[in-house]
Amino acid sequence: MKIHSLLPEDVLKQLIVSEQGLTEKEAEKRLAEFGPNEIKEVKKKPLIIKFIKQFTHFLAILLWIATFFCFLSEYLHPGEGMLTLGLAIVAVIFINAIFTFIQEYKAEKALDALKKILPFYVRVLRNGKERNLHARDIVPGDIIFLSEGDKVPADARLIETSGLMVNNASLTGESEPIPRVPDKFDGELIESPNVAFAGTTVVSGSGKAVVFATGMQTEFGRIAHLTGAVESGLSPLQIEIIKVTRVIAVIATVMGVLFFAVGYSIGRTFWENFIFAIGIIVANVPEGLLPTVTLSLAIGSQRMAKRKALIKTLTSVEALGSVTVICTDKTGTLTQNRMTVRKIWFDNRIVDVRDFKKGNASELFKIACLCNNARFIDGQYRGDPTEVALLRAAMEFSGEIKAERLFEIPFDSERKRMTTVNMVDGKRIAFTKGAMEGLLPLCSHMLIGGKVLQMDDYLQKKVLEAYHSMMDMGLRVLAFAYKEIEETQNSELKTQNLENNMVFVGLIGLEDPPRPEVPEAIKKCHEAGIKVIMITGDGSSTAEAIAREIGLVKGAPVIVEGHEFTKMDDRKLRDVLNKKEVIFARMTPKHKMRVVSMLKEDGERVAVTGDGVNDAPALKKADIGIAMGITGTDVAKEASDMILLDDNFATIVNAIEEGRAVYENIRKFISYIFSSNIPEIIPYLAYVIFRIPLPLTIIQILAVDLGTDMLPALTLGAEKPTEELMWQPPRNPKERLLNLKLLSRAYLFLGPIEAAAGLFGFFYVLKSGGWQWGEMLPANNILYMQATTACLTAIIVTQIANVFACRSYRESVFSIGLFSNRLIFAGIAVELMLQFFIVYHPVGNRIFSTSPIPITVWLVLIPFAFILFFSEEFRKLIVRRF
């Protein structure tokens, strides 16, 4: 079937559909026959392959080598406990593999869940009524409506068009917009100008089409191009974690070899030194770091989604935390996008709608009604909020006005106006609405008191005075004009013939109140060192009035209008952008792109909002492109990194706060697990240097790293953003995750306190049992096992205090709320249960070479927890003060 070679009127017959669209019953039948309108995803790697990969990464290979040497030493020198150690390391490899696999699986599922938040809807005609349907429910024969910014849901044959232009880049690679017309075409389907292909986007104009291919039967489906709304991949942070882990592993290995040599030189046996070397390696390697970071990023994405910000990539989560500038639209983002007609200027006077009498300004409301793409369907107004407000006012004050539309020149950001040609009382009339500065120069006459007068300087002055007066009220002002088309022009309706020598009719001022949450969000941005720049298509007076109302500007802002912007060189623009308060008015999307580029060149991390087709380049250029979920076009959503599900500026600030929190929580987690490395390493150093019994066995180190520590560490990832987070300047993107501040806190402050507690517990038990310095005890000696148990218990007790200490870097735990993260208490409860199992259960004793200790040992060790906690509180106090 060569659908493109048929006349428009024959297309419906070919696809067996009426002008009223399919019936629901027929649509269900076709859905069952042709299946959902979906592109089947490339088959993912089987779970078993993903699981096997957990045994072959760098850390796992390192541990496999250690296991091999353990088994080899057991074979060559039996009876030294190497078999138990080898089995323990194998257990570590499996525990780590299972844990990592589960975390990555959860992260993947979390990203998959985000896909479902962003459905793709299409306007469809069924049973003579227009409906919004999910794209997957579209079937061959459905009549669909296309307008600027839409993504075409399926291959469709156009039957009506009005200035329709599409971008076929996703199919052909050519990015230039291509005109679409309904006329029949006898060439190849892919070259046909009367077909809109699935996956392509509407750049401008509108059209009506009949779907003839869906899902894998479309041209898009044939080339099997995967169109995933949410992408996953290793973020820079995850790559850094991998590098850090490898560096630590190499350092640990070098330390192990070095101390093996030192031990050998002072007369230790080969097997004693070998145990020591393995212990140093196992104690230093942060086995659970990467999977926990991955999960933290995924949880952060989900938490943002709950706060109405849909993050499309894990990379964006961390990028949000370092944003320094937000370039935001006004309408719908800072304001509620609930347009209401407030003031009307006609017959040379401004009238408030509350004082307006029905029947007046009929010509003005006729234009507002007919030069309008909003519709009143099933008792509801549908369309762009501005057009809905105009249609509602027109129907309220003039009643419903009907006239056949012959032609349309769609609104675009360059012209800033829209024109339609309608048949009214047997005459062809062009109606135009748009921005004042674009429309007034096109008018040669003006309608006052029902009379058409020649436009002169006096009348122009009156129009401009009314315009500025309404703008100073914070209103969005649109101008309206018309022109009767002469008979000689009927056959050729072109832009240049229509939009000149028009009759100016009046102005309508629309109010769009600010969102109530925005002033607080703006205040947060200022406190957080984030600059907010308003970039709007509205006039400067309206923009400044709204900016003052929401607290965006307080002094004398620099206001740049579009015509001034185009004349600016880069040096002048850079000077403007360096000012404290900046507003860009009467701007187009291409202007926005230049602003974003300039800010990035100056080293800023830029977040930019956008909703239209022409915003896509700026959204892609920005560090964080933010599309509107409600009013945004499909094109803008695909180009963005984040989608606002409520179009609210406050949501951007919430997302930045969450982005900062995710990064900080990862640091808290690292600080916590690195702190326990010192009390694990120092006993081995003491063992080699001072010739004392080994205070902590390798099995007990593994009990800490992969047992007792794991859950409390994970609960730090659930910490809510603290107040201090938005009082700090944005994070420098070049700042390393593991910086000197974090490492010195973990290794030089918290870690040594824990090490002191561990060694104190070890020697306290030995001395209580009559041990003498220099005496070496066998591994199965009860006193020795009790001493190592006391050392392990001391680390656990101080780690409980440490999990509270690591909840913040500057703020006191008491100020953020001791009980504000209840998950920590659940983690501690599990940690204590595991420790009681290790200390007091026979199975735990056998596995971990421990022996029950009296309650007095616990009482001796608990003060170290308070010492650590209050030492950290004192350090935080010093940091806050100085």
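The values are calculated or read from the model by the stated rules, or taken from the named source; none is laboratory data. None of the values given here were measured: they were computed from a predicted structure. Ideal geometry is used to build each Cβ from the backbone, glycine not excepted, and the neighbour counts take in all protein chains shown. Surface accessibility is based on the protein's heavy atoms, side chains included, excluding ligands, DNA and RNA. Shrake-Rupley method; radii C 1.70, N 1.55, O 1.52, S 1.80 Å.
Free of Cβ contacts under 8 Å to residues at least 12 places away in the same chain and β-branched (Val, Ile, Thr): is that true of Val843 in this structure?
On the way: free of Cβ contacts under 8 Å to residues at least 12 places away in the same chain: yes; β-branched (Val, Ile, Thr): yes.
Yes.
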Checklist outcome for this item: So the helices (runs of 4 or more DSSP H) completely within region 551-615 holding 3 or more residues that are under 27 Å from Pro733 (Cβ atoms) are 570-577, 589-601
Checklist entry - Within region 382-409, how many residues turn out to be modelled with pLDDT under 85 and under 32 Å from the mean Cα position of the chain (by Cα)? => result 4
Item to check | Residues of region 623-638 satisfying the condition of being of a type in the set (A, V, I, L, M) and open to solvent by 10 Å² or more (accessible area, probe 1.4 Å) | outcome: Ile630, Val635
Checklist entry - Say we look at region 8-37 and pick out the residues that are of a type in the set (Gly, Ala, Ser) and surrounded by fewer than 17 Cβ atoms within 10 Å (Cβ to Cβ); which of these is nearest to Leu158 (Cα to Cα)? => result Ser18
Item to check | Matching option when the condition is in contact with a Pro (Cβ under 9 Å, 6 or more places away or on another chain) and buried (at least 21 other Cβ atoms within 10 Å of the Cβ), among Ile550, Ile535 | outcome: Ile550
Checklist entry - Looking at region 488-496, is at least one residue modelled with pLDDT of 95 or more and buried (at least 17 other Cβ atoms within 10 Å of the Cβ)? => result no
Checklist entry - When the residues of region 193-240 are filtered to those that are small (Gly, Ala, Ser), at pLDDT below 85 and within 16 Å of Asn37 (Cα to Cα), which remaining residue is nearest to the chain's Cα centre (by Cα)? => result Ala229
Next on the checklist: Of all residues being of a type outside the set (S, T, N, Q) and part of a loop (DSSP other than H, G, I, E, B) in region 356-378, which is farthest from Ile522 (Cα to Cα)? Just the residue, please.
Outcome noted: Gly359
Item to check | Hits in region 569-585 - residues which are in contact with a Gly (Cβ under 8 Å, 6 or more places away or on another chain) and open to solvent by 70 Å² or more (accessible area, probe 1.4 Å) | outcome: Lys580
Checklist entry - Does Lys620 satisfy the criteria of being assigned to a helix (DSSP H, G or I) and modelled with pLDDT under 90? => result yes
Item to check | Condition check for Val388: open to solvent by less than 50 Å² (accessible area, probe 1.4 Å) and assigned to a helix (DSSP H, G or I) | outcome: yes
Checklist entry - Any idea which of Phe101, Phe69, Phe120, Phe94 is open to solvent by 40 Å² or more (accessible area, probe 1.4 Å), at pLDDT 75 or above, under 30 Å from Phe848 (Cβ atoms) and within 26 Å of the chain's Cα centre (by Cα)? => result Phe101
Checklist entry - In this structure, is Leu861 within 43 Å of the chain's Cα centre (by Cα) and either touching a residue at least 24 places away in the same chain (Cβ under 8 Å) or closer than 30 Å to Glu723 by Cα (or both)? => result no
Item to check | Subset of region 586-608 [modelled with pLDDT under 90 and either of a type in the set (Asp, Glu) or buried (at least 16 other Cβ atoms within 10 Å of the Cβ) (or both)] | outcome: Arg586, Met587, Thr588, Pro589, His591, Lys592, Met593
Checklist entry - What about Thr566, is it open to solvent by less than 70 Å² (accessible area, probe 1.4 Å), over 19 Å from Lys531 (Cβ atoms) and among the β-branched types (Val, Ile, Thr)? => result no
Item to check | Single match in Ile656, Ile692 (criterion: surrounded by fewer than 24 Cβ atoms within 10 Å (Cβ to Cβ) and either at pLDDT 80 or above or of a type outside the set (A, V, I, L, M, F, W, C) (or both)) | outcome: Ile692
Checklist entry - Got a number for residues in region 695-751 being loosely packed, with under 15 Cβ neighbours inside 10 Å, within 21 Å of the chain's Cα centre (by Cα) and closer than 30 Å to Ile95 by Cα? => result 1
Next on the checklist: Here is a list: Ser851, Ser871, Ser815. Which entry is among the hydroxyl-bearing types (Ser, Thr, Tyr) and under 37 Å from the mean Cα position of the chain (by Cα)?
Outcome noted: Ser815
Checklist entry - Do you know which of the residues in region 600-624 that are small (Gly, Ala, Ser) and over 21 Å from Ser204 (Cβ atoms) is nearest to the chain's Cα centre (by Cα)? => result Ala607
Checklist entry - For the subset of region 771-822 comprising residues that are of a type in the set (Gly, Ala, Ser) and modelled with pLDDT under 90, which member is surrounded by the most Cβ atoms within 10 Å (Cβ to Cβ)? => result Ser808
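Does region 439-469 hold any residues that are assigned to a strand (DSSP E or B), closer than 20 Å to Gly509 by Cα and touching a Leu at 6+ places or on another chain (Cβ under 9 Å), and which are they?
Met446, Leu447, Ile448
Filter region 509-532 down to residues that are of a type in the set (D, E, K, R) and in contact with a strand residue (DSSP E or B) (Cβ under 6 Å, 6 or more places away or on another chain) and give me whichever is surrounded by the fewest Cβ atoms within 10 Å (Cβ to Cβ).
Per the stated criteria, the residue is Glu511.
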